[in-house]
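Every number here is computed from the coordinates shown, using simple stated rules; none is lab data. Here the structure is a predicted model, which is why all the values come from computation and not from measurement. Here the Cβ is made from the backbone with ideal geometry for all residues, glycine too, and neighbour counts use every protein chain on show.
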């Protein structure tokens, strides 16, 4: 039985003091001038473990560093250690070119819990700009760290953090001619990977529900390709419905009440919408073309999808209220796998042109196209909360030109700071989907 472990129990705001001088990361430049952050060694009290405190500090630093928006000040450069509730000597921190100072203290509590207090200081402005207290299970060190990193990130960028999130994906193992595909889940930094499906059933295209209670996916259970759902609390799996044909590419609506999917009937693929409450299936696209890869706009009123109705695979947008459809891509090549950003400002896509695959973004009208990455094969872009980063997978040829290696990668919307999310040895990562922030 699979169980979703709720590790974070409470958040209590201690104080947030307004800054006199605005301290913000230049996010438009993609971290061209990263903010320098010094994270002091955490203090410990009341039976707290220094080892645990050091681990939290390391995870916070790694989260912030991976964004490309921050520079972590080397610990050896520190000229002093400021105790909690003491005022920093700001000149000492300015001397080592620190712009932000972070203090923290870990307390042991009853019922096997920890309390973490932390302060964030604007060194040049000489004032405290954030202070929080977090309470969590002692088993939840990494999540505690991700929540702390989110708070710092949000204060300094004004954007929604994405560290306290997970990624569901297809973990592929085995030789090229006999791959085993299992659904797996991990933290956004690759930690704590675990399988959600067995090795006997071929699965594809997993996607989270907005409330993180379930995942929809394509399963070939008993060699019958159908959309299934997985309850993350109980581990229970169930077939979504009896639709009378192969169905695939499921996506939840923003309110979680509907699932869009592609359904093949009489050799024609169209997009349908399944109402989970009323168990009613509604056809959304018509004609003789292939229509697939649905993605809802954040307000649930529109849907992006790809279709070959123009003779070549392109992205279209459907108004779900009026039924009006509009093609939005006219560039060279073929466009596929659209994914609407959480803030509604962009649509990510896969583009195939000149024997090369690309991942890019454009506005919802199909203009201002920007290519973020390119390679031999890449697909399945998915957005982090806050619409700052995209996760996707890239497949590369092995040295022998026979084998294939697939990586899960993340890229900033500026096209900078691409990095691999590390997976266990022997595992290829495909079709990643980034979760909303954890409840």
Quick check for you: which residues of the stretch 234-273 have the amide N under 11 Å from the point 7 Å beyond the Cα of residue 221 toward its beta carbon? 236-241
In nm, to one decimal, how far is the modelled label at residue 49 from the one at residue 191, with both set 7 Å along Cα→Cβ? 1.3
Compute the long axis of helix 141-157 from its Cα atoms, compare it with the longest principal axis of the Cα atoms of the chain, and write down the angle in degrees, 0 to 90, nearest 10. 90
Can you give the calculated 222 nm mean residue ellipticity of the chain, where each DSSP H run of n ≥ 4 adds -39,500 (n - 2.57) and the sum is split over every residue, rounded to the nearest 500 deg cm²/dmol? -3000 deg cm²/dmol
By how many nm would the segment from residue 354 to residue 97 lengthen if fully extended, with 0.36 nm per residue of separation less the alpha-carbon distance? 87.9 nm
If one builds a Gaussian network model of the chain from Cα atoms under 10 Å apart, the most fluctuating residue listed among 329, 414, 356 is 356
Run the simple label-point estimate for residue 345 and residue 398 please: 7 Å along Cα→C-beta, distance reported in nm. 4.2
Which length gain, in nm to one decimal place, applies between residue 289 and residue 41 when the Cα-Cα distance is subtracted from 0.36 nm times their residue separation? 83.3 nm
Rounded if a/c under 1.5, otherwise prolate or oblate - the stretch 108-179, Cα gyration tensor axes: oblate
DSSP beta bridges in the chain [antiparallel fraction, %, rounded to 5]: 95
Find the centroid of the Cα atoms in the stretch 47-90 and in the stretch 175-222, then give the distance between the two in whole Å. 35
Would you mind checking the tilt of helix 50-66 against the longest principal axis of the Cα atoms of the chain, expressed as 0 to 90 degrees and rounded to 10? 60
Which whole-number percentage describes the relative contact order of the stretch 328-421, with Cα contacts under 8 Å and a sequence gap of 6 or more? 20
Say R0 is 30 Å: what FRET efficiency, to the nearest 0.05, do residue 425 and residue 236 get from their beta-carbon distance? 0.45
Let me know the shape class of the stretch 213-292, please: from the alpha-carbon gyration tensor, a ≥ b ≥ c as square roots of the eigenvalues, rounded when a/c is under 1.5, otherwise prolate if a/b is greater than b/c, or oblate. oblate
Relative contact order for the stretch 265-319: what percent, with Cα pairs under 8 Å and sequence separation of 6 or more? 24
With a ≥ b ≥ c from the Cα gyration tensor eigenvalues, square-rooted, and the rule rounded for a/c under 1.5, otherwise prolate when a/b > b/c and oblate otherwise, the stretch 221-261 is oblate
Over the chain, what is the mean sequence separation of C-alpha contacts under 8 Å (at least six apart), divided by residue count, expressed as relative contact order in percent? 11
Using the beta-carbon distance between residue 321 and residue 65 and R0 = 60 Å, what value does 1/(1 + (r/R0)^6) give for FRET efficiency, to the nearest 0.05? 0.85
Residues in the stretch 73-114, backbone N under 14 Å from the label point at residue 133 (7 Å along the Cα-to-beta-carbon vector): list them, ranges by number please. 85, 105-110, 114
